[in-house]
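The values are calculated or read from the model by the stated rules, or taken from the named source; none is laboratory data. Keep in mind it's a predicted model, so treat the numbers as computed, not measured. Neighbour counts are summed over all protein chains in view; Cβ atoms, including those assigned to glycine, are modelled from backbone coordinates with ideal geometry. SASA here: full protein model, heavy atoms, side chains in, ligands and nucleic acids out. Shrake-Rupley method; radii C 1.70, N 1.55, O 1.52, S 1.80 Å.
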Amino acid sequence: VRTELEPIELEDGAAVPKEFANPTDDTFMVEDAVEAIGFGKFQWKLSIITGLAWASNYAMEMMILSILAPQLHCEWRLPSWQVALLTSVVFVGMMSSSTLWGNISDQYGRKTGLKISVLWTLYYGILSGFAPVYSWILVLRGLVGFGIGGVPQSVTLYAEFLPMKARAKCILLIEVFWAIGTVFEVLLAVLVMPTLGWRWLLILSALPLLLFAVLCFWLPESARYDVLSGNQEKAIATLKRIATENGAPMPLGKLIISRQEDRGKMRDLFTPHFRWTTLLLWFIWFSNAFSYYGLVLLTTEFFQAGDVCSISSRRKEIKAKCSLTCEYLTEEDYTDLLWTTLSEFPGVLVTLWIIDRIGRKKTMALSFFVFSFCSLLLFLCVGRNVLTVLLFIARAFISGGFQAAYVYTPEVYPTATRALGLGTCSGMARVGALITPFIAQVMLESSVYLTLVVYSGCCLLAAVASCFLPIETKGRGLQESSHREWGQEMVGRGSHSPEVTRSNSGSQE
């Protein structure tokens, strides 16, 4: 493989300053530079900016759905199916665009894809506040969902600047911004809704995206992407900038450039090496979203009934009900939303503690298994207090499984298809989110036990799928090229002599 790589001199042959040089190396790859530079001031800044995108472009816009729907139901006298459609159209937009944003990020750069998606969401988010009728807001919120589908690319960009030891912890900490964003949205709704109304809530909720759009000018393009696309000078400049900000040494010598590859091609996800991984990850992401959003919907139903057995035993009186009857959200409702959101934090802490101890695959499997087990325990007609504890544990672990999937997916794919791989997985998650209301609300009316069996069985299968993933990414570097065996960048790097490298390459072949 090394016979097809080209060495590049730094700045037309100029030597790297001694304080940034490691005299034992004569060549290096991007992975070596990222590991040598380590975690520092640059990554802290990147964490905050990426977290801002995650909180404002994802969490806040998704949290609006639980606040906007009942408000429009009352103000515009919408029937229940139109209220449900207002939520579903956002997921349709996200599902339809996830693969597209991944393709754009692999073809034109992570920064480019992320910036366009944020500006798209900002524009249509503000425009939603001026929607005159239901049909307009339906279209505009669908376009907002289309933009939100590009948010996972912030994780791709972020992961490609993180050294191996810090990657899992940092990506998990980014998930904290999800909870922060939803908490902020609830607090904003408490202040804005009683006086200014839902239109101002939509406009003000989109403004943090403007701050991120400005900060995007500080964001560099991924050095891994620049190397893959043949822009080695820009990659070297980015790496030197990070080394300067962190005050850390950078490898001396020549940057080894992998041969250029086609980027963002769907067929690359189904090569013999990645076909099984892709299919299993699609099911895992589907199950995550299906179970997470299903639990959110089920929680309201269970609390209103008191316990599971009350739902299964009650016989609803047959009487005429007006589908236009409505109730505005009260302060107590907002408090419940706030407490529900806070349940995300234990999931982050548990996942953070175990993901580097037992590995990514086992962490996802454990999360699914605990959720499935808690779902089965609901069959026991537990009281409200025990019900609350079981739902709290189930939500903590299913959110933790989501976070583990966000760590694993960028690590398992090579740079050429990393954004597309994450984008397609995100799209499959939206399919699960679209289907789950029909289970958690429609099927629940027929049989609460069958509903619980569906969620429990789905997560049990997802736990098995996690165990069958062929690659464990714990302790591995990010793969640069799809033409190499997985993790080869981190194997045999102690010697950089061409003879040793060529010998290793021959043994791989």
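Descriptive notes on the structure:
- Averaging Cα coordinates gives a centre for the range 67-86 and one for the range 216-243; these two points are 46 Å apart.
- The stretch between W81 and L196 holds 38.7 nm of extra length on full extension. This uses 0.36 nm per residue minus the Cα-Cα distance.
- The range 26-252, Rg to Rh (Cα coordinates; Rh as Kirkwood inverse mean 1/r): 1.05
- At a probe radius of 1.4 angstrom, the accessible area of the range 26-252 per residue rounds to 34 square angstrom.
- Interchain or long-range residues, amide H under 5 Å from T27's placed H: K254
- On the basis of the beta-carbon distance and an R0 of 25 Å, L210 and E245 show a calculated FRET efficiency of 0.50.
- Apportionment of accessible area to carbon and sulfur, the range 191-250, percent (1.4 Å): 71 percent
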